[in-house]
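Any read-out appearing in this document is the output of simple, stated calculations on the displayed coordinates, not a laboratory observation. Not measured: the values here are computed from a predicted model. We place every Cβ from the backbone using ideal geometry, glycine too, and count neighbours over all the protein chains shown.
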Amino acid sequence: MKEQKPLVTPFTTYQKFAVFILAITQFTVILDFMVMSPLGDILMKSLDLEPSHFGLVVSAYAFSAGISGLLTAGFADKFDRKKLLLFFYVGFIIGTILCGIVSSYPLLVAARIITGLFGGVIGSISMAIVADLFTIEQRGRVMGFIQMGFGASQILGIPIGLYLANAWGWHAPFLWVAVMAAIIALFIAIKLKPITKHLEIQKEKSAFKHLMHTIAKKEYRIGFSATALLSIGGFMMMPFGSAFAINNLQITQHQLPILFMIAGLSTLIVMPLIGKLSDKMDKYKIFVYASLWSIVMIGIYTNLGVTPFGIVAVLNVVMMMGIMARMVPSTALVTSIPEMQDRGAFMSINSSLQQIAGGIAAAFAGTIVVQKDKMSPLEHYNTLGIIIIVISIISLLLMYRVNKMVKNTSSKKTLNKSVIAEI
């Protein structure tokens, strides 16, 4: 009787450590971005800012992160990925410290630009490391754990950020993130092994040629397009989510952090489950189910009027489950597109386009949503919902092509291994 193989490929002890260190690194980067949300009102009052000025502080990070991704893409496969991660993470820490010590609006914008230049590349380096260290059969679970950073940042970022800001001023949350990140940087330096296999198969010596080679590949561009479209949907809703909850759904300022915490907690629970499921089932099928789920919930949520808090909390959780559940299988599929020697460049460009698309989407959403005065409901928020639904449908088609490419590549590799084994 033959011994049955396990349904999922188990992690080694070192792989478990790698998942943890990448997840906690991503958590601090997302947390740095998330604490800006609860600090909005405090910053506007402390620095005497208009809402448009605060919007620039937020978008400065996204656009600088996008530009940084493009600038570093050609070099991303020329170095040990551990050293690259450490370099940009230290830069991110320095930028976050600057955010915690500046005292004027122009300096804060400059500090956010610096933080974005370094922090915006960390996610792409992490994804390249994931693709190097984990097989396609393991990546769903890895992405599930890494995506937990989003939920954890909602649970910790908003309430702790508000508490620290109220107790010691708006600088405190940034310094808190910087201290945590500094400790994690030490673990990366001491415990993470060098990641250099991609250096053995590098062909282009010129960083510019490597960048052009990566962009030129049709299958890579399909992956870039799929990721950018997914980002557009999220960034359209996110900037106005709080204003919609308060002005349209009549959620109070006291209830808002609780709403975010509940949604974040649900993400912590759901993401690992989706990760495990996507390693057992077809990843594209899970993406389809999650997309259809999110389409229905976005259509319902964006058309709500005044609604009791309990119902809003449940609907928000159910909607976020669909939106976030798409990210696990889609990221696992997209990270399987590039060849090993192109992974760093591919992930950098992918992350860059993700940030830029998000920044443009947020700015575009601002031209659609209208508010007559600070106390009146938002108008045309449901129009955003319709646009996001259309984008989600297009994403299904693009991700189908990505899935087809990944399966074809996997079949070729299996065939080649069989031929070699026979020889």
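For residue 379, put the label point 7 Å out on the Cα→Cβ axis and report which residues of segment 351-370 keep their amide N under 18 Å from it.
Residues passing the 18 Å test: 365-370.
Of the cross-linked pairs 78/193; 193/217; 197/217; 280/407; 218/404, which ones have a Cα-Cα span greater than 19 Å in the structure shown? Write down the numbers at each step before the final one.
Details: 78/193 17 Å; 193/217 31 Å; 197/217 22 Å; 280/407 15 Å; 218/404 14 Å.
Pairs exceeding 19 Å: 193/217; 197/217.
What nm value, rounded to one decimal, do you get for the distance between residue 285 and residue 314 when each label is placed 7 Å out toward the C-beta?
3.0
Any idea how far apart residue 215 and residue 306 come out in nm if each label point goes 7 Å out from Cα toward Cβ?
Taking the simple label geometry, residue 215 and residue 306 are separated by 5.3 nm.
For segment 350-411, which chymotrypsin sites (Phe, Trp or Tyr not before Pro) pass both filters: DSSP loop (anything but H, G, I, E, B) and at most 14 other C-beta atoms within 10 Å? Intermediate results must be reported in sequence, preceding the final value.
Details: sites: 364, 381, 400; in loops: none.
Passing both the DSSP loop test and the Cβ count: no residue.
What ranking, highest mean first, results for peptides 214-227, 183-196 when packing means the other Cβ atoms within 10 Å averaged over each residue? Kindly include the intermediate steps, with their values, before the conclusion.
Details: 214-227: 18.4, 183-196: 13.8.
Highest to lowest by the protection proxy: 214-227, 183-196.
With a point put 7 Å past each Cα toward its Cβ, work out how far residue 53 is from residue 400 in nm, to one decimal.
Each label point is offset 7 Å from its Cα along the Cβ direction, giving 5.0 nm.
Need one number: the % of Cα-Cα pairs in segment 198-344 sitting beyond the 22 Å mark.
Values: 5564 of 10731 pairs.
Roughly 52 percent, rounded to a whole number.
State whether segment 59-171 is rounded, prolate or oblate according to the following rule on the C-alpha gyration tensor (a ≥ b ≥ c being the square roots of its eigenvalues): a/c under 1.5 gives rounded; otherwise a/b larger than b/c gives prolate, and the remaining case gives oblate. Before the final figure, lay out the partial values.
Values: a/c = 2.67, a/b = 1.40, b/c = 1.90.
It is oblate, given that a/c is not under 1.5 and a/b is not larger than b/c.
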